[in-house]
Amino acid sequence: MTVTVTLPADDPAALDEAARLLARGGLAAVPTETVYGLAADAAQGEAVARLYEAKGRPRFNPLIAHVDSLEMAERLVDLGGTGHALAHAFWPGPLTLVAPMRAGAGVASLVTAGLDTLAVRWPASPALTGLIARLGRPLAAPSANRSGAVSPTTAAHVRDGLDGRIDVILDGGPCRIGVESTIIRVVTAGRPLLLRPGGTPRADIEAVCGPLSAARPDSDRPDAPGQLASHYAPESPVRLNATQPRQGESYLAFGPRPEIVGCDVFNLSDRSDLAEAAANLFAGLRLLDKPGRVIAVAPIPEAGLGEAINDRLRRAAADRPIAS
Ligand code: TXA
Ligand code: MG
């Protein structure tokens, strides 16, 4: 058991302290514009091993290396023409690029789970980029939740899952976007692949690089190893496309609705705003997650951030693997 301290994410002294812990191989939860990440020094294999351990994450599921500049990204991977165009358009921001890793990138092999590609993101997060700058190296950071659970968008969510398993939580309040980054694999020949819809809408990306290919569906060798069918899952079962809650259900609503009585209701956005709904999604799922209840979810349009919201909801509703 480790004592997990919470420090303010906007305090330079707190960032100094967290950077010292990271340099010594520690683990720090850090707010980003998407969700809270759990950071470890990407160059230290032992630190990265502790990170997998703390999350209970299978080691075949690789991590994103976070950087604080395009130059740092280019030292790690060969972005190619398409990757450059996307990086220029969307970094810093909620976009992750998967590209061939360079020899001598200096990233522990556990980060890529042995793949020859590396996922790289420059986040719009002064706390995370502040730590990277202090360390002078990339930080590996998955979402700061136990593997398979709902991603955290507040420091309290992080503590719920990881208290006593990590060294420090930097509290920066609720995350602005609320769903994880969009992941694109850039390939030398052919269209870039959409590996995970996320905080940068598909249409914005396609305006820069043309149409995206869909990743192969989940299989033995999925293109995005972490895209397991069941993920982002609350304890409660989830029922999708529910226009009304039934007896025994709580309701995750979207859009203006008449009062529903006799049932817990959380409205993702009563003005049908998909950005607001994305920011509220994981907090809403956590709030309605109660033993013996089913979470019924209103239909969400597939446009804009709706694609990422519906992706997370489908995984939350998917059959769960047998708990081990
Ligand atoms: O917004 C985000 O992306 C957050 C914040 C903390 O940056 N991070 C995040 O990390 O969502 P994580 O580990 O929860 O999800 C990263 C996904 C996983 O599904 C993983 O399989 C995939 O990225 N991934 C990482 N490296 C990959 C690679 N080389 N090829 C394909 N997929 C990769
Ligand atoms: Mg995750």
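The values are calculated or read from the model by the stated rules, or taken from the named source; none is laboratory data. Small disclaimer: the values here were computed from a predicted structure and weren't measured. Cβ sites come from the backbone with ideal geometry, for glycine too, and all protein chains shown count toward neighbours. With ligands, DNA and RNA removed, areas are computed over all heavy atoms of the protein, side chains included. Shrake-Rupley method; radii C 1.70, N 1.55, O 1.52, S 1.80 Å.
Summary table
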| item | result |
| --- | --- |
| Under 10 Å, Cβ to Cβ, from residue 154 - net charge with Lys/Arg +1 and Asp/Glu -1 | 0 |
| Environment charge of residue 12, counting only residues whose C-beta is closer than 14 Å and scoring Lys/Arg +1, Asp/Glu -1 | -2 |
| For region 31-102, convex hull volume per residue from C-alpha positions, Å³ | 103 |
| Positive minus negative residues near residue 281 (Lys, Arg vs Asp, Glu; Cβ under 14 Å) | -1 |
| D_trans [Stokes-Einstein, Kirkwood Rh over alpha-carbon pairs] for region 66-205, 4 °C, 1.567 mPa s, µm² s⁻¹ | 81 |
| Residue-level accessible surface for residue 7, protein heavy atoms, 1.4 Å, Å² | 50 |
| Sulfur and carbon atoms: percent of accessible area, the chain [1.4 Å] | 53 |
| Region 115-161: proportion of alpha-carbon pairs further apart than 12 angstrom, % | 70 |
| Pairs of Cα atoms farther than 34 Å apart, the chain, % | 20 |
| Viscosity 1.567 mPa s, temperature 4 °C, Stokes-Einstein D of region 1-156 from Kirkwood C-alpha radius, µm²/s | 84 |
| Accessible area per residue, Å², the chain with all protein chains present, probe 1.4 Å | 43 |
| Region 49-153: trypsin sites (Lys or Arg not before Pro) falling in loop per DSSP and having at most 12 other Cβ within 10 Å | 59 |
| Relative contact order of the chain, defined on C-alpha pairs under 8 angstrom at six or more residues apart (%) | 20 |
| The chain, helix-only ellipticity at 222 nm - DSSP H runs n ≥ 4, -39,500 (n - 2.57), divided by all residues, nearest 500 | -9000 deg cm²/dmol |
| Max mean-square fluctuation residue, GNM over the chain, Cα-Cα springs under 10 Å, options 43, 85, 99 | 85 |
| Coordinate range along principal axes, alpha carbons of region 226-324, Å, largest first | 42, 32, 19 |
| Whole-number percent relative contact order across region 7-89, with pairs defined as alpha carbons under 8 Å at least 6 apart | 15 |
